[in-house]
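Q: Got a structure for you, questions after.
The numbers here are math on the coordinates, done by the rules we state, and not lab data. These numbers come from a predicted model, not from an experiment. Because the Cβ atoms are built from the backbone with ideal geometry, glycine has one as well, and the counts that use them run over all protein chains shown.
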Amino acid sequence: MARTATTPAPSPGLRRSAGLTGGAGNRRGDGAAAAVRRRQRTPGIELNCGAGPDIRHVGIAFVHGIGSQQPAETLLDWGGAIIRLLLDIRVGHKAAGDPVIDCQLDPGPSESRYIELQLPATSSGGKTIAEEHWVMTEAWWAQRVRPPSFGQMAEWLGPRGAIRRILLAILPRPRGEHDPRLRPWAVQHHLRRDKHGVEEAAQHGHVAGMADEGDSADEEQPSWSSASMEGRRRIVRRAARSGLEQVARVSAALYLQAISALILVVYGALRSIEKLIPVGPLKDGALTRPIDDFVLNWFGDVYVLLGDPAQAASVRGQLVDALSDLHAVRCDSVVVVAHSGGAIVSYMTLADEANRDLRVDRLITLGEGLNLAWLLTAGDDEKPDLDALERYARLYTDVFAGRPDLTWHDFWGSQDPAPVGVVKFPRLDHPAAEDRATLARIESHAIWNRLSFAEDHGSYWENDEEFVLPLLRLLDERGRAAGHFGGDEVDHERSNRRRRRLSILSLWRQLSFVGPTAAVVVAFGLGSAFVQRAGDAVAAAWSAIPGSNVVSGPLTTLRDLDIARAPLGTVLAETGVWVVAVLIGLFAIFALIAPPERPVPWAVGGRPWVSRLLRLLPWILAGPILAAVVYGAIRFVSGATLDAVGVGRLVLTLVGGIGVLAVLVIAVFGSPWATAGPNRSVIRDGLELAFTMLVMILATFVAIAPFVAIVAFVEVGRTVLGTVTVVAAFQIVARIGGWRWNVWDARERGVARTGARRYPGLRRVVAQGSLLFATSVCLFLAVVLDQDVLLAIAAAGAGLAVLLGVSVDVFDASRQERTTPADTLLRFARAMK
């Protein structure tokens, strides 16, 4: 008998609250149920796959994050990752390879997109485990959101301090705080609340759900009457440290707020230019379109979800419809899988009292944006104020209230800038015991995606070992009983191997960043002319391109004006020279900062020396590079003109004066955000405004100065262009290495998916890595020693690496034989022996 939606169970459809609802009533204890107005809706999914009523169906609703996803894109991308793994599992059970039995990707007006998968019947320990079907659908909302106006975004990001709050949240965490990233493999833990806020419950030997903010009674208390002299010294040192941290944090907050305001001012100026000169590309917004795409399409969606009730309700309605469809086809279990801003949508939908009868058994979030939402609505404090509790009622309603069977699994990447750690669940207005019980129902999965701030947020579905396989285990209750998709011991091995691969990728990226910056600094210290010659070569090649005078012509005209002769032009140009030199030196030093988790996976197993090497390598490189930076700075200062020395003193005086002013203000008045009394509030606002204006003026001056220096001084332009060329050359080698690492990663992920015990050998990886490292060394020496022969050797090495990589891939492809599932199973059985 086919399972069909022609006679579905009563579907709740799309709910809309009558009046001011949203869960706030029950949260405040008045017990009033929200009045619900229902809109009848025809179910959008119809399953006619020939399955009998005894087949268990698991409904999965995908909720994408902020961005410009197309219809079915999320369903195909996320569902595709699941299908690839299920295919391998089916092959292992002698079933047909294709797990897809029904799908609808081009629906009509009243239909929904979905994919239905079959998990075949299997046996484990003499027990037969029945067949199971998964129904995957999506709550697509990307193009149902109208971006806010630029004026609204300017106010939200600038004066309201959204950028400041976001960036402060990404700053390094306190050293004493538990960091789940520093593990040799992925482990999941419940959450608890302690003196550091919300953390994983495995820290300090606490049992999940049994510790809260009151468990710090054994801490040293600042009792001057009973403390010893040594104890007093420790208290003073701790107080001084906290004071310095406050000064640094508040100063950074003010500076970031000023920079965000400056960016918005520059953006406004660019929009004005486009309106004043409506010619060609400028008329189409060529100057501001990239900023529009980033600010309005990304941050704009967060603004809409939090601050536009009508559009937010429309977005939540998409998830309500998807869940209603899954209920209409009588799914036995319903799971919501949400990414980034989709976690905000899912939480607010499930917390809404009007949706309590929409049963959801499991919420799975990856790279959640809830921490960002709570930060932007409640401020920097963990406890939200009354205004936030009322204005954002759904966001501050306990999602577990009225959902006794709901469990929450949260996956977060170690370098993902969206969650920045575990779910920082806010303190709601219920007793501490209920708070502990709530946090104990949230499972935290700290994983490694790419060890990259830029890539971690979007690479969860490329992480088979630590995300996709554990996700399938959460979806398939049969799999947990039958041992499908691995167990703890296998998971640890897979995870550790992945983290070791990522440590190599991280090291390669750092060397690719250290190489060009260090080469430029050392070349300047040794008097090498390679950088300037590289700039001249690029300029000559550019001038040979037809039509290049469109760009170079105005630059030549500006240079002929001799800007450096004017007093203001002299100050700007000389400041620009200092800024360029300082930036190159700072980049060389900044490149030495390594991810703290990189050596960790090598600390276990048979190669602890690799862990020590990875930990010491940045320090080994730091000595020569710092010496080169210092020597280059001395040489640069000794060659400065009198005008340059005077300008340098002026800029240092301004920067130092503003810094001293900030420290004095904080020391006298405390934090600028302290609101004890009306007078302090007035002083706070005045000081914040004055400091913001000063930093904006200085930041504008420093930002413009390098461009003036490039126009005014030919040598500066040559150096900048040559530096960019050297960086580009190293990045070419880095891209080749990244390509080969991806091939290696794909091979090992394939082994993890199939469950084979034997991993491919590493000799080819070592050989290709050694060739690329030698190429980078030759390129470094070519820049430092100004030798064209070494440059030619480096180019030949890069070409040989590409040729070798292609040959290896072709050779591997030619060795792959066409096999049936039975042949594959036999090969796996032999490998198991």
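Q: What does the highest-first list of 782-789, 392-399 look like by mean Cβ count within 10 Å?
A: Working: 782-789: 17.6, 392-399: 22.6.
Sorting 782-789, 392-399 by mean packing, highest first, produces 392-399, 782-789.
Q: Amide H of Arg56 versus every other amide H placed in the peptide plane: which residues, excluding those fewer than 5 positions away on the same chain, fall under 5 Å?
A: Close amide H contacts, sequence-distant or interchain: His133.
Q: Under the rule of at least 5 residues apart or a separate chain, name every residue whose amide H is placed under 5 Å from the amide H of Glu443.
A: Trp408, His409, Asp410
Q: Ordered by packing density, taken as the mean number of other Cβ atoms within 10 Å over each peptide's residues, highest first, how do 304-312, 444-452 rank? Display every interim value, and only then the final one.
A: Working: 304-312: 17.4, 444-452: 24.0.
So the order, starting with the most tightly packed, is 444-452, 304-312.
Q: What is the gain in length, in nm to one decimal, between Leu626 and Gln70 on full extension, counting 0.36 nm per residue of separation less the C-alpha to C-alpha distance? Write out the running numbers ahead of the final one.
A: On the way: separation 556, 0.36 × 556 = 200.16 nm, distance 4.85 nm.
Difference between extended and current length: 195.3 nm.
Q: How big, in percent, is the set of alpha carbon pairs in the range 310-392 lying more than 19 Å apart?
A: Numbers: 1463 of 3403 pairs.
More than 19 Å apart: 43 percent of the Cα pairs in the range 310-392.
Q: Quick one: putting +1 on the C-beta of Lys and Arg, -1 on the C-beta of Asp and Glu, what dipole do you get for the range 520-658 around its Cα centre, in Debye to the nearest 20? It would help to have the intermediate numbers written out before the result.
A: Details: 9 positive and 6 negative charges, 123 e Å.
Value, rounded to 20: 600 debye.
Q: Calculate, in nm to one decimal, what Ala433 and Leu105 gain on full extension: separation in residues at 0.36 nm each, minus their alpha carbon distance.
A: Numbers: separation 328, 0.36 × 328 = 118.08 nm, distance 4.64 nm.
Taking 0.36 nm per residue and subtracting the Cα distance, the gain is 113.4 nm.
Q: Quick check: residue separation of Thr407 and Thr128 times 0.36 nm, minus the Cα distance between them. What number comes out in nm?
A: Values: separation 279, 0.36 × 279 = 100.44 nm, distance 2.72 nm.
Net length gain for the segment: 97.7 nm.
Q: Quick one: dipole size for the range 745-810, taken about the Cα centre, charges +1 on Lys/Arg Cβ and -1 on Asp/Glu Cβ, in debye to the nearest 20.
A: Working: 7 positive and 5 negative charges, 136 e Å.
That gives a dipole near 660 debye.
Q: Now, a different point. Looking at the range 556-627, which trypsin sites (Lys or Arg not before Pro) are in a loop (DSSP not H, G, I, E or B) and have at most 10 other Cβ atoms within 10 Å?
A: Working: sites: Arg559, Arg565, Arg612, Arg615; in loops: none.
Here no loop site has a sparse enough neighbourhood.
Q: When Rg is the radius of gyration of the Cα atoms in the range 386-518 and Rh is its Kirkwood radius, what does Rg/Rh come to? Could you put the intermediate results ahead of the total?
A: Working: Rg = 18.9 Å, Rh = 17.6 Å.
So for the range 386-518, dividing Rg by the Kirkwood Rh gives 1.07.
Q: Further question: Given R₀ = 30 Å, FRET efficiency for Arg735-Phe590 by Cβ-Cβ distance, to 0.05?
A: On the way: r = 21 Å, r/R0 = 0.70.
Plugging the Cβ-Cβ distance into 1/(1 + (r/R0)^6) gives 0.90.
Q: Among Ala690, Phe713, Trp741, which residue has its Cα furthest toward the positive end of the charge dipole of the range 690-754, with +1 on Lys/Arg Cβ and -1 on Asp/Glu Cβ?
A: The listed residue farthest towards the positive side: Trp741.
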